[in-house]
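To start, the structure itself, in C-alpha cells.
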Amino acid sequence: MAVLALWLQSEGPPQRNPVLEALTYLAAHQGSDGSWGGKPSGCSCRHPTTGGDLESTAWAILAFAGAGYCELSQDDLNGHKFGVVVRSGLEWLVSRQDKEGAFDRANPAANALAALALTETYGMTVLRKEAAEKAYAWVEKAQIPDVVGRIRQGMVFTSGRLSEIGTGHELRVLALAAGLAREEGDLARWGSLLLQGFALHGRRDKPTLAMETGDVRQVPAETLNVFASASFILGDEDRWHEWFRNLRDMLVPLQKNEGRICEAGSWDGDSLRERLRATAVRCLTLQHYRCWYCRNPFRKR
C-alpha cells in the first residue's frame, strides 16, 4: 500500500518500515490453522508456546486491519499474501464462535477483542455479517468486570456504530466511560477518556487529555495504545505530534531488526505468545504515523 511506503519522510528516504516489518513477522508466525499464539513450523523464537489462542489471533487481525489490509487485499510481501493471512485468521476466529456469538465465555475481555476484530473487518469488507452481528450482540449483553474488557467493549460499540451494527451506541459508550472514570489507575483513566472521545467526537463538550505518560517504555503495550488513541482524539494537535515522534523514536529501536533471525520485526515478550501480542499492539500504536502531518517535512498544515 502506497501510504505505508511514506514512513516518516521528514529526514530523507526511509531506511526501515517498522509497521511492515511487524506485519511480516506476524504473517510468518501464523499457525497452519490460521491462528496465532503457538509456535508455527520452522519457528526458532525464544520461549515457544503451543497452540493458537483467541486474544493473539484477534490482535494480529486488528494489526493488519489497522494498516488497511483485509481478506480482499492482493498485497504480497516476502511471499506472504496479506489477504490470505487475514482470511485464514478470520476463518479460525469464526470457527470458535458459538451459535449465540460468544468465542470464550470464560474470558469476556478476550471475547470482546475477538468481536472487535470481526466488526472492524466487516466494516472494511461487508463480509461475515452474520458472525459480526452475533459477536456484537453477545458483547452488548455481557457484564465485563475488568477494566481492559470494558474498554474493549466500548471499542466494539464504537466499531458497531461505524459498521452500522446495533443501536444506542453513544449511550452505551458513555455509560462505560463513566464507570471507568470511577476506577483507579492509568488504564482506567485513559480508557474512560478514549471512550468519551469516541462518543463525543466533534463536540465542544468533549474532555481534554494532558500529554503526560512518563517513560513510555515502562507503560504496558495495550495501555500505551489506549493513551495514544485517546490523546490523538482529545489532545492538543501540535503537542500530540511532538509526543508521537518521541514515542516512535523510543519504540522503533526496541524492535528486532536483524534480518536473518526468526524474531526480526517483533518486540520482546516473556513468551512467544506475548511476543506476538506485543508486536501486534505496538504495530497498531505506530500506525498513527499515517497522519499526514507526521510525514510532512515542513511540519505545517
3J(HN,Hα) from dihedral phi, segment 193-206, Karplus parametrisation 6.51/-1.76/1.60, rounded to Hz, x for glycine, proline
5, 4, 5, 5, x, 4, 6, 10, 4, x, 9, 6, 8, 6
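Please report the projected area of the chain's Cα convex hull averaged over all directions, in nm².
Details: hull surface 60.8 nm².
That works out to 15.2 nm².
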In deg cm²/dmol, rounded to 500, what helix-only [θ] at 222 nm does the chain give when every DSSP H run of at least 4 residues adds -39500 (n - 2.57) and the total is split over its residues?
-17000 deg cm²/dmol
In whole angstrom, how long is each semi-axis of the equivalent ellipsoid of segment 174-291, when you take the square root of 5 times every eigenvalue of its Cα gyration tensor and sort them from largest down?
28, 16, 11
Add +1 for every Lys or Arg and -1 for every Asp or Glu among the other residues with Cβ under 12 Å from the Cβ of T57, and state the total.
-2
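How large is the translational diffusion coefficient of segment 92-248 in µm² per second when you combine the Kirkwood radius over alpha carbon pairs with Stokes-Einstein at 37 °C and 0.692 mPa s?
Diffusion coefficient, whole number: 204 µm²/s.
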Here the gain from full extension of R182 to S44, 0.36 nm per residue of separation minus their alpha-carbon distance, amounts to 45.2 nm
Sequence ranges 270-278, 39-47, 79-87, ranked by mean other-Cβ count within 10 angstrom, highest first
270-278, 79-87, 39-47
State, to one decimal in nm, how far the label point of D75 lies from the label point of I261, with both points 7 Å from Cα in the Cβ direction.
2.6
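Read-outs: derived from the displayed coordinates by stated rules, not from any lab. What you see is a predicted model; the values in this text were computed from it and never measured. Cβ coordinates were reconstructed from backbone atoms using ideal geometry, including for glycine residues, and neighbour counts include every protein chain displayed.
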